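The values are calculated or read from the model by the stated rules, or taken from the named source; none is laboratory data. Keep in mind that this is a model prediction, so the values were computed, not measured. Note that each Cβ is placed from the backbone with ideal geometry, even for glycine, and that neighbours are counted across all protein chains shown. Just the protein is used for accessible areas: all its heavy atoms, side chains included, with ligands, DNA and RNA removed. Shrake-Rupley method; radii C 1.70, N 1.55, O 1.52, S 1.80 Å.
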Amino acid sequence: MRLSIGVLLALAISPLAQAELIDEVNDRGELRIAVQADTPPYAFKENEHLTGFDVELGQALAKELDVRAEFIEAPAEEAIPGVESGKFDIALDQPEPEQAPQLAASEPYGSEARVIPFQKDNPAFETAVNNALQRIKEDGRLAALEQKWLKGARETSAGQ
């Protein structure tokens with residue numbers, strides 16, 4: 001009997017017993033997304049509401065994961081530590097993964113080959129995010145978002 005209790009305690013404390021991030025997201029019913037609210041065309045406030053490429057992409061990701069999107073404004077220096085600590089599930093418009101080696105990242109997406117950082121050791125979450133991105137890409141929503149938000153920004157910066 002003591003051996004059984006000891007084994008159960010060891011399993012409960014082990015990292016393998018740690019809840020997978022996708023389970024936490026599903027239990028909450030929301031995907032907590034860190035965004036910088038002052039980075040147009042990616043995320044910015046218009047009439048006191050967040051909008052932009054990252055906001056619409058985050059909404060599409062949440063919809064694909066069958067949860068709601070909860071956007072949390074975070075300065076760049078707080079986003080990555082917030083993802084690492086679990087305050088945010090993902091961060092959009094963030095540094096390249098080699099600049100945040102403590103985190104895992106999605107497959108690159110879009111014409112800019114951006115990635116979405118999230119906590120390491122969450123293979124089911126990684127698969128879910130990558131599959132959601134793939135569906136968004138395959139059905140044309142990603143191209144439409146890039147056309148809507150990024151095409152004009154690229155043309156403006158190219159003309160300067």
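As an exercise: evaluate D121 against (1) modelled with pLDDT of 90 or more; (2) within 21 Å of I22 (Cα to Cα); (3) surrounded by 14 or more Cβ atoms within 10 Å (Cβ to Cβ) and give the number of the one condition it does not meet.
(3)
For residues in the range 50-81 being in a helix (DSSP H, G or I) and of a type in the set (D, E), which is most open to solvent (accessible area, probe 1.4 Å)?
E77
On the basis of being of a type in the set (G, A, S), part of a strand (DSSP E or B) and open to solvent by less than 80 Å² (accessible area, probe 1.4 Å), does A132 make the cut?
It is false that A132 is of a type in the set (G, A, S), part of a strand (DSSP E or B) and open to solvent by less than 80 Å² (accessible area, probe 1.4 Å).
Got at least one residue in the range 135-143 being of a type in the set (V, I, T), farther than 18 Å from E24 by Cβ, at pLDDT 95 or above and surrounded by 14 or more Cβ atoms within 10 Å (Cβ to Cβ)?
There is at least one residue in the range 135-143 that is of a type in the set (V, I, T), farther than 18 Å from E24 by Cβ, at pLDDT 95 or above and surrounded by 14 or more Cβ atoms within 10 Å (Cβ to Cβ).
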